[in-house]
Every structure is written in C-alpha cells, then in structure tokens.
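J.: Structure in structure tokens, see below.
Each reported figure results from applying straightforward, stated rules to the coordinates on display, with no laboratory input. Nothing here was measured: the structure is a model prediction, and the numbers come from that model. Cβ sites come from the backbone with ideal geometry, for glycine too, and all protein chains shown count toward neighbours.
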Amino acid sequence: MIIANDTAIQVLSAALKTGGDFAEIYAEDKRSSSLYMVDNALETAVSGRSHGVGIRVFKGVNSVYVYTNDSSLQGLLECANQAAAAIEGNEALGIDIVLKHNVIKTVHPILIPPHGVELNKKVDIVKRAYGAASNYDPVIKQTSVNYADSTTNVQIINSEGLNAEDERVLTRIAISAVASNGMENQTGYESPGAKMGFEFYRDKINVEDYAKEAGRTAVTMLKASPCPAGKMVAAIENGFGGVIFHEACGHSLEATSVARGQSVFCGKMGQKIASDVLTAIDDATIPNAWGSSNIDDEGNPGQKNVLIENGILKSYLVDKLNGRRMDAEPTGSGRRQSYAFAPTSRMSNTYIAPGSSTRDEIISSIDEGIYCAKMGGGSVNPITGEFNFVVSEGYMIKGGKIKEPVRGASLIGKGHEVLFDIDMVGDNLDYAQGMCGSISGSVPTNVGQPIIRVGKILVGGKK
C-alpha cells in the first residue's frame, strides 16, 4: 500500500472542502530499465525509479488535476489544497468518505519479474537480436536494438470509497535494420512487446526471428520499385495493419472526442457506420496482452467493449469525466501515461474481429491492386477522420497474385468512409504493439486485425 487509509481520507476531504463533488488520488511507484545497442556497441544501460501522486477533483463536468512527487501527508495536503482552491465554491458538500479495499483479480500472471533479472541476461537478449539483424545480409549497414521493461505499482483511491491497488509489468524490444546500396536507404522495424515478465523471451518470442524479419523487410524494400499512385483495391495484412482502424476510427470513438462534439461519430449510436462484414472490438481483458489491464487508471475493471457489430455502432470508449458529459457509464477505458497526467478515455487492445474469408480468397479476388504487407506511421484528424498512412512494405497484385515489391506507398482517405469500403475480412487475426499518444500522454496499445480487403482507396505514390 502506497498511501494509508487515514492519510487518504484527510487528503480527499481537503480536496473537497470548497464544494467539489468527487475527489481521487492516483499514486504510482515505477521501476524501469532500458538498454540501447547501435554500431556494435552497447551505448546505454539505464535503470531508474519514479514516484508520484496525482489528485483530481470534479465539480459537475469541471475538473482540476494537480500532481506532486512529495507523498508525505504535508505534501499531499498541499497538493489537495491547490486542487480545492481551483474549484469555485466556499464550503464542502459534507461527503462521508468510507474506504473499502477492493480486491483486484490478476489476469496477467508474471512468472519472472524483470526488475529481478541480472543485467547480463538482458544484455544477452540485445546482443542476440543485434547479431541476427546485422548478419542477415551484407547490405544491412546499421542495426539498432532497444530493450525496455517496467514494473509499476499503482493505488487508486476516491471519495466514492474505492481503494484499489494494481501491479503492471511491461516488456518490449525494438529492432531496426537499415539496408543501403550507397545511394539510398530502406529500414525494417520490429517491436514485439507484452504485459509479461522476462518469460516473454523464453515462452513467447524468439528475438532472432524478429531481427531477421527486420532485416528481410529492409533488404526487400531496397530492391523495390516506386509505387504507382491512384485509386485501387487494397489488401491490408493482419497485425499492424490494424493501425488504420486504431488511428482513423478508434480515436473518433473515444469519449475524449465524442463528449465535446469533435468526432464524426457523434450521435450515431445504433446507426450503421461500417459495412456488414466489419465488427470492431476494444478488449482490455486479453491475458498478458500489451494494452491489457486488470483495472484502468480510474480503478474500473478492464472490459471487453464491442465498438462496432456487423457495421452498427454499439459503444463508445468512456472515462469517468466524459461519462458525466455524455450521461454514460465508464467502460474501463480511463488511462494515463503516469501520475503527471489526468486520465481520459483511451483504447487498449483494439482490433477488427475475424471474418469468414481466407487470405488466399482475398488476394485471388483482386485483379489489380496493392498488397500492404506492413503498415508504418501516419497522421489523422479525429474531427474529420482524414488519414494518411505509410505502407512500409508493399507489393502489387496482378491477376489475383502478389507480384513485385513497391516502396513509397501511402494510403489516404477518411476513416468513416473507408469503414464502408471494407468488403472482405479474413480469418487470420493477429496483433502488433505500439505506443499511443493523446492528452493523457503515451500509453501502450495493441492494434490488430485479420487481412482485410478495401474495395477502393487512394494510394499515394509516384505518378
């Protein structure tokens, strides 16, 4: 326990003394380590510990958030008094605070806590990945490997009586390989991660396989021709292909945007917003998945939320404050980067559910188009839904067969329009890991989908 009950009650009472109707304490203690290897040298090996507390007060739909790294009673009371002073009012509402310890069920077992693993074992993982990528092909001219793990203990206490504690363990490795012919470079990148301990490298992945895949992508794209531009049929592969739904549609289903009327999906609950073949889900309960949680950062249990079912909008992702604005219950979606951020509604593991088509059926159905084997980064406007995403590995499809590789491709469109253009959904669901940014900071999220076919989409490339 980070904060004792009697301390918490004093602090919450102080936060409510000017008329707030809800107060919350979020306490965090985080241990982390990271390694970085480049140019055949281990450049950095860092470990650290951070600690802090955030205090939030509501009055209706108004919110104040103050944070500190002084968790003494005096430090917390000063923080609470600052929050109370920002709430317009003169006297407390007389809220009786009775705390009850909430027992949290852990669905993400940790077998080997990473903070207890010797440094040389972590270094060995990094060196194995570095060697496999560097030696993949002579045209690989630079390799870099980032290793990271963290163990975060949190305690969430509020004036409604909640007192919950949770431990979150994350492990991830990122491998970059750059291929060069002396005139131009191409990069391959792989970054698997999970809500697991060091057993991730024993039971879940082989780092050499991911390193070689990064090398293969870089070499393949170095030999690729420029992609032609224009509207065409697209097959977008599973895993990180789901970044398009996440960015172009998922953010527009978060109450962060919806509650303020800044989403193309405002007021469309129960309406058809996608093709019949599309079902989309945000599920924080997948065991040991990168974006999963036992509880969210407001203390609500993680949930499986069906966002779209057979094309019909079924749910938004809702946090406590925006739930007040929308008259909606929280969906276990309140998330934050750390104690330095107030939470808001965020995605967890967001994916398009498997359909009835096979990968071969989707590819063979395209007479001429583009096969997007891997997607990269991009940008999106959540108000309009307009997006632009890089295809990091692409191929032309001709006569129902995948042909020559192409580079420099991008997919351009509007999220609410492309949902209707998805006309085939495969059965090979897979996930990929990323970090998602919003007003509550950067949080770990999974994106996912089976291979999908988009009947028409604008492809940026060489005219």
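J.: Under 12 Å between alpha carbons, and skipping anything fewer than 8 positions from K122 in its own chain: which aspartates and glutamates qualify?
T.: D149, E199
J.: Would you please name the GluC sites (Glu not before Pro) within the range 3-82 that are DSSP coil residues with at most 11 other C-beta atoms within 10 Å of their C-beta?
T.: Loop-located and lightly packed - none at all.
J.: Separate question: When the Debye formula is applied to the Cα atoms of the chain, each taken as the same point scatterer, what base-10 log of I(q)/I(0) results at q = 0.10, 0.11, 0.12 Å⁻¹?
T.: -0.79, -0.93, -1.07
J.: For Cα pairs less than 8 Å apart in space and 6+ apart in sequence, what is the mean separation divided by the residue count of the range 226-377, i.e. the relative contact order in percent?
T.: It comes to 32 percent, rounded to a whole number.
J.: Considering every Cα-Cα pair within the range 230-460, what fraction, in whole percent, is farther apart than 24 Å?
T.: 40
J.: Additional query: Using only alpha carbon pairs under 8 Å that are at least six residues apart, calculate the relative contact order of the chain and give it in whole percent.
T.: Taking the mean separation of contacting Cα pairs over the length of the chain, I get 16 percent.
J.: List the aspartates and glutamates whose Cα sits under 19 Å from the Cα of K59, skipping any in the same chain fewer than 8 residues away.
T.: The qualifying aspartates and glutamates are D21, E24, E88, E91, D96, E160, E298, D319, D327, E329.
J.: Let me ask you something else. So if each residue of separation counts as 0.36 nm, and I subtract the Cα-Cα distance between S47 and L119, what length gain in nm does that give?
T.: Length gained, S47 through L119: 24.9 nm.
J.: Still on this structure: For K141, go through the aspartates and glutamates and keep the ones whose alpha-carbon is under 16 Å away, minus same-chain ones fewer than eight residues off.
T.: Filter leaves D39, E184, E213.
J.: Another question, then. Report the extension gain between N5 and D70 in nm, rounded to one decimal, defined as 0.36 nm multiplied by the number of residues separating them, less their alpha carbon distance.
T.: 21.7 nm
J.: Right, something else. Evaluate the relative contact order of the range 302-353 (contact order divided by residue number), counting alpha-carbon pairs under 8 angstrom at least 6 apart; express in whole percent.
T.: Computed value for the range 302-353: 29 percent relative contact order.
J.: For the pair V38/Q271, report the inter-label distance in nm, with labels modelled 7 Å from Cα in the Cβ direction.
T.: The two pseudo-label positions are separated by 4.8 nm.
J.: Where the centre of each part is set by its Cα atoms, how far does the range 1-48 sit from the range 277-291, in angstrom?
T.: So the separation of the two Cα centres works out to 26 Å.
J.: Filter the trypsin sites (Lys or Arg not before Pro) in the range 71-142 down to the DSSP loop ones having no more than 14 other Cβ atoms within 10 Å, then list what survives.
T.: Sites meeting the loop and neighbour criteria: K105.
J.: Alpha carbons only, please: Rg and Dmax for the range 209-288, in angstrom.
T.: That works out to 17.9, 48 Å for Rg and Dmax.
J.: Distances longer than 21 Å among the Cα atoms of the range 375-463: what percent of all pairs is that?
T.: Of all Cα-Cα distances in the range 375-463, 40 percent exceed 21 Å.
J.: If you average 1/r over every pair of different alpha-carbon atoms in the range 22-147 and take one over that average, what Kirkwood value in Å do you get?
T.: For the range 22-147, inverting the mean 1/r across all distinct Cα pairs yields 19.3 Å.
J.: I've got another one for you. For A259, what charge total do you get from the other residues with a beta carbon under 13 Å from its beta carbon, if Lys and Arg give +1 and Asp and Glu give -1?
T.: Neighbourhood net charge equals +1.
J.: Order the peptides 179-185, 306-312, 149-155, 445-451 from the highest to the lowest mean number of other Cβ atoms within 10 Å of their residues.
T.: Put in order of decreasing packing, that is 445-451, 149-155, 306-312, 179-185.
J.: What value does the range 293-365 have for Rg/Rh, both radii from Cα atoms and Rh as Kirkwood defines it?
T.: 1.14
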